[in-house]
Amino acid sequence: MKCFLGKPILQYSIDLAKSAGLFDEIIVSTEDIEIENFAAKHGVKAPFRRSEKNANDFATLSDVLLEVLTEYQKLGMQFANVCVILPTAPLITHEILNEAYRKLITSHFSAVIPLVKYSHPIQRALKVLNNSGKTAIIDPKSALMRTQDCAETYYDSGQFYWINVKQFLIEKKILMKNAGSIELMPEQCHDIDSMNDWIITEMKYKWLYSQYSKMA
């Protein structure tokens, strides 16, 4: 509910889902009455509250999704595909969401995950030894590799996930065996885990929309 450039950050994810033109059902998963009321005010249901075990810092996204799908099954409702949009994804556009959905369908993936390329090869990653403060390379075999010879690697952007429900109910995890991905540029997303991340995301948002304004 913290305001991101003037409005609660959750509203960006709600508006994204509503503008995408992709969904038969849009809900907010929460155990919080304030968030539930906020969702209702913006035309989105919160049909059942999260259980206590899925409303703490140790619950996984897969656990939450499995609970939601189970509750819908009790109502006699089933879905072919589902998209989990994180409540801290203000930079994602409906064009990105649609691109990922098309890839899920046309490539017959079990899931599509938006990834970001590491800016420097992780094969050359270093570590600081806590007991001595000395610095060492994590993988000594990569010490002499040229950066241009290292394979490209990616990280999960932590923004949204497209998922085939049938396969998810079998594997019960998001990174399934037949998962695909789309690549996002670093300026198109930011995983918010700290106040510094929040500030950087606001800066990215302002920059992105200043570019859109120039293009228009």
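A few comments on the model shown:
- If only residues of region 65-99 that are of a type in the set (Gly, Ala, Ser) and more than 17 Å from LYS18 (Cβ to Cβ) are counted, the one that is surrounded by the fewest Cβ atoms within 10 Å (Cβ to Cβ) is GLY76.
- In region 155-170, the qualifying residues are those that are closer than 19 Å to ILE105 by Cα and out of contact with any strand residue (DSSP E or B) (no Cβ under 7 Å at 6 or more places or on another chain), and the one that is surrounded by the most Cβ atoms within 10 Å (Cβ to Cβ) is PHE168.
- The set of residues in region 31-58 being without any contact (Cβ under 8 Å) to a residue 24 or more places away in the chain and within 27 Å of ILE96 (Cα to Cα) consists of GLU36, ALA40, LYS41, LYS45, ALA46.
Table: residues versus (1) modelled with pLDDT under 95; (2) outside the structural domain of ILE96 (by TED's automatic domain parsing); (3) assigned to a loop (DSSP other than H, G, I, E, B); (4) touching an Asp or Glu at 6+ places or on another chain (Cβ under 6 Å).
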residue	(1), (2), (3), (4)
ILE163	no, no, no, no
LEU169	no, no, no, no
LYS173	no, no, yes, no
GLY180	no, no, no, no
LYS204	no, no, no, yes
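- Verdict on PHE58 being more than 19 Å from VAL82 (Cβ to Cβ), at pLDDT below 95 and of a type in the set (A, V, I, L, M, F, W, C): yes
- Residues (among the small types (Gly, Ala, Ser) and in contact (Cβ under 8 Å) with a residue 40 or more places away in the chain) located in region 1-24: SER13, ALA17, SER19, ALA20, GLY21
- Among the residues of region 116-128, those identified as touching a residue at least 60 places away in the same chain (Cβ under 8 Å) and surrounded by fewer than 17 Cβ atoms within 10 Å (Cβ to Cβ) are LYS117, SER119.
The values are calculated or read from the model by the stated rules, or taken from the named source; none is laboratory data. Please read all numbers here as calculations on a predicted model, not as lab measurements. Cβ atoms come from the backbone with ideal geometry, glycine included; neighbour counts cover every protein chain shown.
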